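For reference, the structure discussed in these notes is given below.
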Amino acid sequence: MAKIIVVEDDKKTQMIIKKLLLNANFLKNETVKAEYFTKYTNSLKQTILDTTEHKIYILDIELESKVSGIDIARYIREKDWESEIIFITNHDKMFETAYRTVYEVFDFIEKFHDLEAKLKKDLKAIFKRNFDNKMFKFTSRNLNLQIFYRSITYLYRDTEERKLIINTDKTSYAIYMNVQDAFEYLDKRFVPVHRACIVNMERVEAFNWAKGYFVLDTGEKINLLSKKYRKDVDEYYERNS
């Protein structure tokens, strides 16, 4: 579940945001819980202090109350460095002030320049990056693995070691498992591209079917690509188009 905190005192703008979040099918299967405020309150303070949840804050920079959106964002950053902050405003001149005052701002959006489209794009990017907490979990007598799916680039069968090699951004792990059984531990972003290889489709930059390799977003070229599995890749793209 995603928690989105909106602080906006303009009713029209708040309704635009509320409508977007109520019809948030672009976030796929995520459940969105939104809270709306028009100013800084004790309830908002308690929400900020609760850092057990990863949140997205959508803050109007210029509020009619004494406490501005920038003030609220500064307080958020005193307590919480993990949650995302998106500023919205009527005046782009306020962006520089906010940028110089608040650390780690995800984006600045002008209210009257495609607010809905830009906010939708930002939320999709944030969810793809930060709210993907699904994990590959494997336990054996000597090993207990918990790896975020988003960190796994590809998996392949090492025929000499007779082990499944799980490659991640930082390292690799070897476990006793065959390729087919690995699918029971993975979700639909993982697709077979070779009889000995499964790839995380969200980490692939390009497929070269003619030469039998794919390129990861890390720049690494992997020579484990078979035309036999092109249909699986095409079906993935059709599902996610």
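The values are calculated or read from the model by the stated rules, or taken from the named source; none is laboratory data. What you are looking at is a predicted structure, and each value in this text was computed from that prediction instead of being measured. Here the Cβ positions follow ideal geometry from the backbone for every residue, glycine too, while neighbour counts run over all protein chains shown.
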Selection within segment 178-190 - among the aliphatic types (A, V, I, L, M) and surrounded by fewer than 19 Cβ atoms within 10 Å (Cβ to Cβ) | Val179, Leu186
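Yes/no matrix, rows are residues, columns are (1) closer than 15 Å to Asn90 by Cα; (2) assigned to a helix (DSSP H, G or I); (3) at pLDDT 90 or above:
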| residue | (1), (2), (3) |
| --- | --- |
| Asp9 | yes, no, yes |
| Lys12 | yes, yes, yes |
| Ile16 | yes, yes, yes |
| Asn29 | no, no, no |
| Tyr40 | no, no, yes |
| Thr47 | no, yes, yes |
| Leu59 | yes, no, yes |
| Ile70 | yes, yes, yes |
Residue check, Thr139 surrounded by fewer than 16 Cβ atoms within 10 Å (Cβ to Cβ) and either touching a residue at least 60 places away in the same chain (Cβ under 8 Å) or among the polar types (S, T, N, Q) (or both) | yes
Taking segment 147-169 and the residues there that are assigned to a strand (DSSP E or B) and farther than 18 Å from Asp181 by Cβ, the one that is modelled with the highest pLDDT would be Thr153
Being aliphatic (A, V, I, L, M), more than 18 Å from Lys128 (Cα to Cα) and out of contact with any Asp or Glu (no Cβ under 8 Å at 6 or more places or on another chain) narrows it down to one of Leu186, Leu225, so name that one.
-> Leu225
Can you confirm whether segment 182-193 contains a residue that is aromatic (Phe, Trp, Tyr), outside any strand (DSSP E or B) and free of Cβ contacts under 8 Å to residues at least 24 places away in the same chain?
-> yes
